[in-house]
Every structure is written in C-alpha cells, then in structure tokens.
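Data first, discussion second: the structure below is written as structure tokens.
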Amino acid sequence: MKKLLLCLALTSLSAAGFSQRQIPPYQKAYLEANNIRSSINTFGSMWYDPTSGVAECEYPKGSGNHAGFASGLWVGGYDPQRNLKVAAIRYTDSARQDYFPGILDANGQATAATADAWRRVWNIRRTTIDSFQAIVRSVGTANPSALAAALAAANFDDLKAWPAKGSVTIKGNNNVALSLPPIATRDYAPFVDVDGDGKYNYLAGDYPKIKGDQMLWMAFNDVARTKTQSVTGPIGLEFHLSAYAYVRGTIADNIQFYEYKVHNYGPLVLDSTVVSVWSDIDLGYPYDDYIGFDSSRRLGYVYNATPVDGNGAPGHYGANPPISGVTLLRTVGDGASGRVPTGAFTYFTLGTGTPLEIADPVIGSEFYN
C-alpha cells in the first residue's frame, strides 16, 4: 500500500549535486513532531544541509530515506523604473545567497551585523507551553523573581527568547540580546497576550502562539548583504516563516505546513509580482522519479517511475515508495469567492540543460521566468 506524504506550503503566494565550497555561518532546527523529520535553516532554505549537501526531509522519521531535498520561496517583480528585482534560493553557499537572517529597521534597512545577531531558528513544542502554563498557575505572576526561578530549565529557553512584539528578553545567535523597531503596525513572532498589554512578557504569563504540536519560527530578508543568487538589487522584503506539524494519529502525521508572511518594508512598489515555491524533491533514489501537477489542488508531486525505488542501497525506498508533494493551501488572491488558479507549474534540470530553456536559472530574469 502506498503512503502519501504532502510537504505543504501555506504561502501567499531536478536532482541536486554538491561540491566543496565556502558556506557562510548559519543555524538550523528540525521539525520532527510527527512522521517527518526535516530542517529549516537561516538561509531561508528547507530540507537541506548546506555543509554536507545532503537531504533533510526524512520520511518515515528514523528510516534514513528522504522524500525531499531542498525547497524555498521565490519572489520577483519590477520596480517603477522597470528594473527586475528577484529574491530566490536554491543551494546556498557564499556565492549564491539572496536571503539573510533577521528583520529590517524602520527605514527598511539591515546590516551584516544584524544578520549575524538574528541567526537563530526558534523552536517551540506544545508540551513546553503546557508545562509553562502549569508552572504559571502554580507559582503565579505576582512575584516575577520566583516565576523566573521556576522557569530556569533549558527547555524554556526559546519561549523566553521568543521574538515577539514588545519583548525585552529576545535572544538571538549565541544568546545575544535583540530588539525590535518600536513600530505599532509591525508584528513579529505570534504570541498569546495574557495580560492584554500588547507586549510579550513571559513573566506576565504570555507565551508563543503556535500552530500544531511543534512550530519553528524565523525571520529573514533580502537586504542585509549583496544578493548573489539572483544577482539583482534589494527589494526591502522581510519574511516570517512558521513551520509546523501536528500529531493526530491520522494522515495529518504525514504532513508539514510552511506559512510565509512577506512584508515589503522597502521603498519600492513592485509591479507584475510573482510569488512561488521552488522544490527539489528527490524521492529516495533521485534518478527514477516522475513529476506531475494537479491544478485543481494546486499540487505539484513526485512519484517513482517503477514500483521499486532505487537498487537497494541506503536511502532508497525499495518496494512501494511514497508519493511526495507540495501544495499551496492559501495564496495571494484567495478569498470568500474561492481560490485563485496557480499561475504556472514548470521544471528545470540540473546543469546546463538541453534545450537552454530548461537549464539552471543563473540571472534574475531566468529565476523570474
């Protein structure tokens, strides 16, 4: 019996190789609450380890088999002078990077130092929140020192360092203190505001507002350094990524959700903007895969060309391989009247490609097209 795996992207919106190269510093975390164990990293990349160049979307968890290799968000459009601007990701190294950790300031700017400080993926589990609430009920919030002492365990570190609006305890890379621009209209990591003051304070009982049984959260932008993947100028985009998973003992345990919030805090109004998800699936053994697209479900999927995946080597699924897919559950234009059609579904091949139209994208116009 075939198993269905959907690595799902909630967005507003090719086999891979690896060679020795310079990898900028990064952090990553694993979404692993249910039957899938996959990573996201501070390059804005999913399912991929830049240092080793190996897949990190393991299904079933613990099997050593992977149903995804790499994925990420692409955005492109034209500025008022008709200059094309693109932000994209594939396999990040020092020469191919459009996304940088962190947020933008009040002027839509960011620095390399800011990016270094924000190099963190925050990781919260439902069980941690349950434990936190039990301690708050027991100790109370009248004595902050007593509550802080009761929450000294390391499993509460990400809860206390949660980068939510108004917090004075945000911690980033190597636990460096972070601050947020005091702009009333901007929101960051979601939280439950128990005391209703509009500011995150875990000593007042506030806690992260997560979806699922585990959620990862991070922020990144296309401004802090020179963009070397698309080789286009900065737009001024700030991305908030929430990655989450449910444990229900049902088909939901074979699904991961990725929710992107894309904010344009730069000076440019983009025209003809396109937002899309790029994915290199690599279903087990990557050289016997077929692809398909179900437009009614906005679902791109990968399945094995034969009933047996690979040749029995480690990482090959063997008999009855799963199907892996990415669907857009919510995108730009969806509303009460229904869901908008997907604008396009296409593919390209690793390397130079024949014909040229299906070769790797190198410059901004090729990513955009």
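Just so it is clear, none of the values below were taken in a lab; they were calculated from the coordinates. Just so it is clear, the model here is predicted, and its values are computed rather than measured. Every residue, glycine as well, gets a Cβ built from its backbone with ideal geometry; the counts of neighbours run over all protein chains shown.
Roughly how big is segment 199-342's charge dipole about its Cα centre, with Cβ charges of +1 (Lys, Arg) and -1 (Asp, Glu), in debye to the nearest 20? Don't skip to the answer; put the middle values down first.
Working: 11 positive and 14 negative charges, 111 e Å.
Charge dipole of segment 199-342: 540 debye, to the nearest 20.
Below 8 Å between Cα atoms, with a sequence gap of 6+, how large is the relative contact order for segment 122-212 in percent?
Once normalised by length, the contact order is 28 percent.
Count the net charge of all other residues whose Cβ sits under 9 Å from the Cβ of residue 283, scoring Lys and Arg as +1 and Asp and Glu as -1.
On the way: positive: none; negative: 282, 288, 289, 309.
Taking every Cβ under 9 Å from that of residue 283, the sum is -4.
Where the centroid of each part is defined by its Cα atoms, how far is segment 337-367 from segment 276-292 in Å?
What the calculation gives is 14 Å, centre to centre.
Give me, ordered by chain and number, the residues 5 or more places off residue 40 or on other chains with an amide H under 5 Å from its own placed amide H.
Result for residue 40 returns 29, 31, 47.
For the chain, give me the percentage of DSSP beta bridges that are antiparallel, rounded to the nearest 5 percent. Show your work: numbers first, answer last.
Working: 63 of 72 bridges.
Of the beta bridges lying entirely in the chain, close to 90 percent run antiparallel.
Can you count the Lys pairs in the chain with C-alpha separation below 14 Å, eight or more apart or on different chains? List each step's numbers first, then the result.
Values: 3/61; 85/227; 160/171; 160/199; 160/209; 165/199; 165/209; 199/209.
Lysine pairs meeting both conditions in the chain amount to 8.
Quickly work out the residue 293-to-residue 269 label distance, labels modelled 7 Å from Cα along the C-beta direction, and quote it in nm with one decimal.
According to this spin-label approximation, the distance is 3.1 nm.
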